[in-house]
Amino acid sequence: MRIRDDICLIQNIIEDEFEVFLLCKRFRQKGLFVVPLRSSLLGILKVSQLDDRTLVAKLDDVQANCVLLP
């Protein structure tokens, strides 16, 4: 998932009466290529290592779904 410009892996989903929260861990990310343009402009990124800290985000903060390729 892309949450607030971070690529994250959802660890858990918490729902209360009024909102849905996602517990996520962020990936470290960098561009995959720079020619003919930066891959990040196309939303293509290379991700690695998950951060140890947990990010709590509202469901409304999700900007996009992502695909992780090996």
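Assorted remarks:
- Label-to-label distance for MET1 and LYS30 is 2.7 nm, based on points extended 7 Å past Cα in the beta-carbon direction.
- Taking Lys and Arg as +1 and Asp and Glu as -1, the other residues whose beta-carbon sits under 14 Å from that of GLY31 total +3.
- Computed over the stretch 2-70: relative contact order in percent, which uses C-alpha pairs under 8 Å that are six or more apart: 37
- Chymotrypsin sites (Phe, Trp or Tyr not before Pro) within the chain, DSSP loop, no more than 16 other Cβ atoms inside 10 Å: PHE18, PHE33
- Neighbourhood net charge (15 Å Cβ-Cβ; Lys/Arg +1, Asp/Glu -1) for GLU19: -4
- Computed from backbone phi, the HN-Hα couplings of the stretch 11-20 come to 9, 7, 10, 10, 10, 10, 4, 10, 9, 10 Hz, rounded to whole numbers (Karplus: 6.51 cos²θ - 1.76 cosθ + 1.60, θ = phi - 60°; Gly and Pro given as x).
- Charge context of VAL67, other residues only, Cβ under 15 angstrom, K/R +1, D/E -1: +2
- Cα gyration tensor, the chain - rounded (a/c under 1.5), prolate or oblate: prolate
- Whole-percent carbon and sulfur share, accessible surface of the chain, 1.4 Å: 54
The values are calculated or read from the model by the stated rules, or taken from the named source; none is laboratory data. Computed from a predicted model, the values in this text were never measured in an experiment. No Cβ is skipped: glycine too gets one built from the backbone with ideal geometry, and neighbour counts run over all protein chains shown. Ligands, DNA and RNA are stripped out before the accessible areas are found, and what is left, the full protein with its side chains, is counted by its heavy atoms. Shrake-Rupley method; radii C 1.70, N 1.55, O 1.52, S 1.80 Å.
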